[in-house]
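The values are calculated or read from the model by the stated rules, or taken from the named source; none is laboratory data. This one's a predicted model, so the numbers in the text were calculated from it and none came from an experiment. Cβ sites come from the backbone with ideal geometry, for glycine too, and all protein chains shown count toward neighbours. Areas reflect the complete protein model, heavy atoms only, side chains present, ligands, DNA and RNA absent. Shrake-Rupley method; radii C 1.70, N 1.55, O 1.52, S 1.80 Å.
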Amino acid sequence: MQGTVQVSGAKNAALPLLFATLLAPGTHRLSNVPALRDIDTAGKLLTILGGRVERDGDIFTINSDDIRSDEAPYDLVRTMRASVLVLGPLLARVGHARVSLPGGCAIGARPIDLHLKGLEALGAVITLDHGYVEARADRLRGARICFDFPTVGGTENLMMAAVLAEGTTVLENAAREPEIVDLANALVSMGAKISGAGTANVTIEGVSSLHSMQYRVMPDRIEAGTYMVAAAMTGGDIRIIDARLAHMEAFVGKLREAGVEVTEEGETVRVRRVGPIRSINIKTQPHPGFPTDMQAQFMALMTRGDGTSVISETVFENRFMHVCELQRLGADIVINGHVATVKSVAGLCGAPVMATDLRASASLIIAALAAENTTEISRIYHLDRGYEKLEEKLKSLGAMIDRQPD
Ligand code: UD1
């Protein structure tokens, strides 16, 4: 693969930012919003709640003067778990919210108990009724909340709830992902008082009202990482625009250890592999550790390493569904609990495979790029949840990839 590719705005930053517009009346303007199915779902949800949503390319204009409903229905929450992020803003703005429980999900149980415990600590009364979470509070009150696990969505939900609470909230053992910092910056631009975002302790001093924002969504570090692994897998030499290495240090460190050159050249990041791929071990962890959202793609790369690689998944309990499909392409992988052992094989061979979730789809594409013959990947709708124009971008780098109609 050769050439230059542009990274889109980050899905995982854009989603909470869209829901943050519920917090204040007025017209909000978000730019660099990627064209993705999850973003469409978020737009639908905002409209149901009373937001007036307009879209022009990557720019979303949302008027939140009139929040009419407080209910996030099952058919939307079912397709996108991040819909639970309306709980915090709705509680803070209108004092009640009714949100369908997201239920089970392909990559593990993924409960929302930590979100609910935190909201209760802020004074919300929460009941579960017919598969819905009902939350009520006259005015939330600041509190000290210590998360059992640094949950990304939980930290975002609580931050959005606490900005309009009375008094000060301290979130301990908070998630430190760059998307949390992006949300905090946007909230501060609306008049919120937040310090410590990006560290394990976030302090939020409640204010009585907020105003609308104009904000540009940060670039997608997982999309950038996916192109990096694709270039590494194919022995390519590519340049990526809008890859922020500061957001991806653990991942880039591992890529370099695997024999891949990653260098900043002006406004771009150059990724090149000339030597063999070295087999190395990885363990997923909350940020700043190796991101779970890059585990599947990295595993695809390790199938072509020079020995044995041990991959431990510590964030989600069931995130190895891509393994069976990689095996269909000839990979030698054995799973034992949350650890996968990947032994290098001489080559992968194209076969029909099925995408099972968003990042698993990306790993199958990466494997297919290096496999002999043709690979046919079905259920690629998973990809459209999180990668903007993936096949077009890969094609522009020289990949032979086509989308067939269903
Ligand atoms: C977010 C990302 C997702 C990424 C994940 C971990 C978005 C829209 N999605 O998901 O792409 O893979 O972070 O980096 O930003 N947990 C509980 N109880 C809770 C909440 C979480 O037990 O109340 C557990 C989960 O089951 C999981 C772990 O904590 O095992 C991490 O989940 P969390 O950080 O909350 O991930 P999400 O916010 O869902």
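With a simple spin-label model that places each label point 7 Å from the Cα along the Cα-to-Cβ direction, the separation between Glu54 and Ile335 comes to 4.8 nm. Accessible surface computed residue by residue for region 274-396, with neighbouring protein chains in place and a 1.4 Å probe, gives 41 Å² per residue. Residue separation of Asp113 and Glu392 scaled by 0.36 nm, minus their Cα-Cα distance, works out to 96.5 nm of gained length. Dividing the summed helix terms, -39500 (n - 2.57) for each DSSP H run of n ≥ 4, by the number of residues in the chain produces a 222 nm estimate of -9000 deg cm²/dmol to the nearest 500.
Using a probe of 1.4 angstrom and keeping all protein chains present, the accessible surface of region 195-234 works out to 33 square angstrom per residue. Straight-line cross-link reach from Lys393 at under 22 Å between alpha-carbon atoms covers these lysines, not counting any fewer than eight positions away in the same chain: Lys11. 3J(HN,Hα) couplings calculated from phi for region 283-289 with the Karplus curve 6.51 cos²θ - 1.76 cosθ + 1.60 (θ = phi - 60°) are, in sequence order, 9, 6, 8, x, 4, x, x Hz; Gly and Pro show x.
Which one of Ala135, Gly154, Leu122 is farthest out on the positive end of the charge dipole of region 119-173, using unit charges on Cβ (Lys, Arg +1; Asp, Glu -1) and the Cα centre as origin? Checking the options against the dipole of region 119-173, the answer is Leu122. Taking a ≥ b ≥ c as the square roots of the eigenvalues of the alpha carbon gyration tensor, region 117-224 is prolate, as a/c is not under 1.5 and a/b beats b/c.
Taking the Cα centre of region 2-216 as reference, the dipole from Cβ charges on Lys and Arg (+1) and Asp and Glu (-1) amounts to some 100 debye. Treating r as the C-beta distance of Arg136 and Glu261 and R0 as 56 Å, the FRET efficiency rounds to 0.50.
For the chain, the calculated P(r) over all alpha carbon pairs, in 10 Å bins from 0 to the bin holding the longest distance, is 5, 23, 32, 24, 13, 3, 0 percent. Summing +1 for each Lys or Arg and -1 for each Asp or Glu among the other residues whose beta-carbon sits under 12 angstrom from that of Arg379 gives -4. Treating r as the C-beta distance of Val170 and Gln327 and R0 as 30 Å, the FRET efficiency rounds to 0.05.
When +1 charges are put on Lys and Arg Cβ atoms and -1 charges on Asp and Glu Cβ atoms, the dipole computed for the chain relative to its Cα centre reaches about 280 debye.
Each Lys or Arg adds one and each Asp or Glu takes one away; over the other residues whose Cβ falls under 11 Å from the Cβ of Asp306, this sums to +3.
The phi torsions of region 28-39, fed into the Karplus equation with coefficients 6.51, -1.76 and 1.60 and a -60° offset, translate into couplings of 9, 10, 10, 10, 6, 8, x, 8, 9, 5, 4, 5 Hz, rounded to whole numbers, with Gly and Pro shown as x. Of the residues Pro102, Pro25, Pro352, the one that moves most in a GNM of the chain with alpha-carbon contacts below 10 Å is Pro352.
Rounded to the nearest 0.05, the FRET efficiency derived from the C-beta distance between Thr308 and Ser209 at R0 = 56 Å is 0.45.
Positive contributions from Lys and Arg (+1) and negative ones from Asp and Glu (-1), summed over other residues with Cβ under 14 Å from the Cβ of Ala197, come out at -4. Using alpha carbons only, how many degrees (0 to 90, rounded to 10) separate the axis of helix 152-162 from the longest principal axis of the chain? So the inclination is approximately 20 degrees. Expressed as a whole percent, the accessible surface of region 266-365 that belongs to carbon and sulfur atoms is 51, based on a 1.4 Å probe. Going by a ≥ b ≥ c, the root eigenvalues of the Cα gyration tensor, does region 2-216 fall in the rounded group (a/c under 1.5), the prolate group (a/b larger than b/c) or the oblate group? Rounded, because the longest to shortest axis ratio a/c is under 1.5.
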